[in-house]
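Working notes, beginning with the structure itself.
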Amino acid sequence: MALVWHLLPGDCRRLVCLRRYHRTLASTAAVGFHCDEVSAADFSDLHQQRLAQLFGSGLSFKQTALAILMSFAIAAVILGALSPVTLFVLYNAPLLGSANAIVGHSMILLTHVFAIAFAGIMANRRLLDLLRRMTGRDATARAVLFSWLGGNLFLGAQLAWNLRPFIGSPGLTVQFLRDDPLRGNFYEAVWRAFQHLFF
Amino acid sequence: MNPPPLPSKQPPLFANNFVFEPMPNPENPINVLENLLKHPGRVVHELHQKQAPVLAGWLLIFGLIGVAIYGTVVGAQSGGAQMWIAPAKLGLGTLLAVLICLPSLYIFTCLGGIDAQLRSVCGALFAAVCLSSILLIGFAPVAWIFSQSTDSIAFMGALHLLFWVIGIRFGLRLIDATGRFLGARSRGHLRIWSLIFILVCFQMTTTLRPIIAPSKMFLPTEKKFFLAHWFETVNAPNQEKK
């Protein structure tokens with residue numbers, strides 16, 4: 001969390017100055033950015049040499065994992081900041097046992113979907129500056145970013161659907177997992193909620 | 001008679017023509033209000049000095065008082081108990097909206113590349129609320145004239161919303177200028193937050209309803225979203241003034 005909090009206010013140079021945090025991480029968890037004694041400029045040059053792993057980004061597996069975890073942490077912070085707003089929406093939604101339960105459920109569902117999608121996009125967008133500095137090429141950085149976004153949003157949403165229920169549904173019992181978790185998909189459910197709300 | 005001389009040198013202008021310079025006599029609350037209207041950049045500048053918490057506190061208090069004063073005009077439509085219920089609900093709603101949106105504003109300013117402290121963000125938000133409430137007080141006589149000449153709750157609701165939107169537009173402009181002052185790299189984050197804040201305030205009008213029309217209960221039992229409530233109000237027959 002300290003890493004995230006220090007990242008949030010920073011500009012691109014501060015992102016590159018991750019080495020200070022990486023040094024700590026490397027000594028404790030051996031995540032290994034190997035940048036103990038390099039300057040901020042050298043940091044970018046050093047990793048530009050590690051190309052041809054994924055879109056020519058120069059990111060190692062560990063670096064990629066750390067970057068994704070970093071984006072998850074930022075997304076978590078954004079979601080935490082939005083939680084009073086979503087709580088306010090929940091307070092104003094009709095109860096699941098009321099006559100307008102479908103509308104309330106649809107509104108809550110769409111609110112959470114938009115909040116999580118927004119947090120995910122912003123968190124991944126945050127990595128773009130880092131990727132630009134590390135790759136030195138805007139096109140490569142964007143390719144990596146969109147591939148991450150595709151993985152996190154498109155597939156992640158469907159996985160979340162398979163692990164439902166999170167909110168619960170009007171008329172259905174609360175379960176840890178549905179009896180048919182693989183049936184249907186996330187995007188159909190969102191479209192149905194949209195229809196319930198606006199049509 | 002000679003016209004007054006033109007200034008030989010224009011002061012430096014920043015975003016939205018705000019001039020960020022020290023405010024003379026910042027301890028005087030009246031002076032703070034005057035500068036908020038005439039030179040909002042000075043208030044933004046003072047919000048980053050040592051006495052920022054005191055100044056932010058004054059701004060919040062003035063903002064809530066200003067909204068409550070406008071609330072008496074809103075309650076004048078129905079009269080009776082609504083004369084104190086409407087100010088109380090508007091003040092409470094404003095405070096709740098600020099508390100709900102403050103965490104996201106701080107996070108979004110940080111994401112926008114602003115190295116801001118929480119007290120500075122609080123001060124900017126309180127200043128925005130205060131500025132919008134001052135503008136609402138300016139609109140209050142107009143709103144009162146209309147409230148005495150019509151029975152339509154929907155029309156008065158739309159009019160109050162219009163005045164509020166105009167007021168908050170200037171308040172959000174102040175927050176945007178604060179972001180520029182602190183070196184924001186992009187305006188997208190603050191624009192998204194502005195949209196969230198406006199939606200929360202719109203919903204607050206439904207959560208705390210009725211604000212204009214009289215009611216036997218202080219708060220409603222049925223939960224609705226603001227668009228549904230607004231459409232119902234527009235489609236409902238005119239309510240007679242009590």
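The values are calculated or read from the model by the stated rules, or taken from the named source; none is laboratory data. Remember, predicted model here, so these are calculated numbers, not experimental data. Counting neighbours? That spans all protein chains shown, and the Cβs are built from the backbone with ideal geometry, glycine included. Just the protein is used for accessible areas: all its heavy atoms, side chains included, with ligands, DNA and RNA removed. Shrake-Rupley method; radii C 1.70, N 1.55, O 1.52, S 1.80 Å.
Projecting the Cα atoms of B:ILE134, B:PRO24, B:THR233 onto the charge dipole of chain B, computed from C-beta unit charges around the Cα centre, puts B:THR233 farthest toward the positive end.
Counting Lys and Arg as +1 and Asp and Glu as -1, each charge on the Cβ, what is the dipole of the stretch A:107-147 about the Cα centre in debye, to the nearest 20? Each step should come with its number before you reach the end.
Details: 6 positive and 2 negative charges, 33 e Å.
Here the size comes out at about 160 debye.
The residue list A:LEU145, A:GLN195, A:LEU163 was ranked by how far each Cα lies along the charge dipole of the stretch A:142-199 toward its positive end, using unit charges on Cβ atoms, and A:LEU145 comes out on top. Ranking A:TYR91, A:TYR187, B:TYR70 from most to least accessible surface, computed with a 1.4 Å probe over the protein chains only, gives A:TYR91, A:TYR187, B:TYR70.
Applied to the stretch B:122-133, the Karplus parametrisation 6.51 cos²θ - 1.76 cosθ + 1.60 on θ = phi - 60° returns per-residue 3J(HN,Hα) values of 4, x, 5, 5, 5, 5, 5, 5, 5, 4, 5, 5 Hz, with x for Gly and Pro.
Between helix B:153-181 and chain B there is an angle of about 20 degrees, using the helix long axis and the longest principal axis of the Cα atoms. Residues A:THR86, A:THR173, ordered by accessible area of protein heavy atoms at a 1.4 angstrom probe radius and largest first, appear as A:THR173, A:THR86. Scalar couplings 3J(HN,Hα) for the stretch A:187-193, obtained by applying the Karplus form with A = 6.51, B = -1.76, C = 1.60 to θ = phi - 60°, are 6, 5, 5, 5, 5, 5, 5 Hz; x denotes Gly and Pro. Semi-axis lengths, largest first, of the ellipsoid equivalent to the stretch B:127-219 are 30, 16, 10 Å, with √(5λ) applied to each eigenvalue of the Cα gyration tensor. Among A:ILE102, B:ILE192, the sequence by solvent-accessible area, most first, with a 1.4 Å probe is A:ILE102, B:ILE192. At q = 0.18 Å⁻¹, what log₁₀ I(q)/I(0) does a Debye calculation on the Cα points of the stretch A:48-199 give, no solvent, two decimals? Each listed q maps to, in turn, -1.07.
Each Lys and Arg adds +1 at its Cβ and each Asp and Glu adds -1 at its Cβ; summed about the Cα centre, chain B shows a dipole of about 280 debye. A 1.4 Å probe, protein heavy atoms only, puts the accessible area of B:SER120 near 10 Å². Ranking B:GLY113, B:TRP193, B:ALA154 by how far each Cα lies toward the positive end of the dipole of the stretch B:112-242 (charges on Cβ) leaves B:GLY113 at the top.
Each Lys and Arg Cβ is given +1 and each Asp and Glu Cβ -1; about its Cα centre, the stretch A:57-199 then shows a dipole of about 440 debye. Considering helices alone, the calculated mean residue ellipticity of chain B at 222 nm is -23000 deg cm²/dmol, with DSSP H runs of length four and up weighted by -39500 (n - 2.57) and normalised per residue.
Buried accessible area between B and A (1.4 Å probe, both chains summed, ligands and nucleic acids excluded), in Å² to the nearest 100?
Buried area between the two chains comes out at roughly 2200 Å².
Tell me the carbon and sulfur percent of the accessible area for chain B, rounded to whole percent, probe radius 1.4 Å. Mind showing how you got there, number by number?
On the way: 8080 of 11910 Å².
On chain B, the fraction of accessible area on carbon and sulfur atoms equals 68 percent.
Grab the eigenvalues of the alpha-carbon gyration tensor for the stretch B:8-145, scale each by 5, take roots, and send me the semi-axes largest first in whole angstrom. It would help to have the intermediate numbers written out before the result.
Values: eigenvalues 171, 71, 33 Å².
Square roots of five times the eigenvalues give 29, 19, 13 Å.
The label point for B:ASP115 and the one for B:LEU199, both projected 7 Å from the Cα toward the Cβ, are 3.3 nm apart.
Taking chain B, how much of its Cα-Cα pair set, in percent, is spaced more than 23 angstrom apart?
52
Within the stretch B:31-99, all pairs of alpha-carbon atoms sorted by distance into 5 Å bins from zero give the percentages 4, 17, 20, 18, 16, 12, 8, 4, 2, 0.
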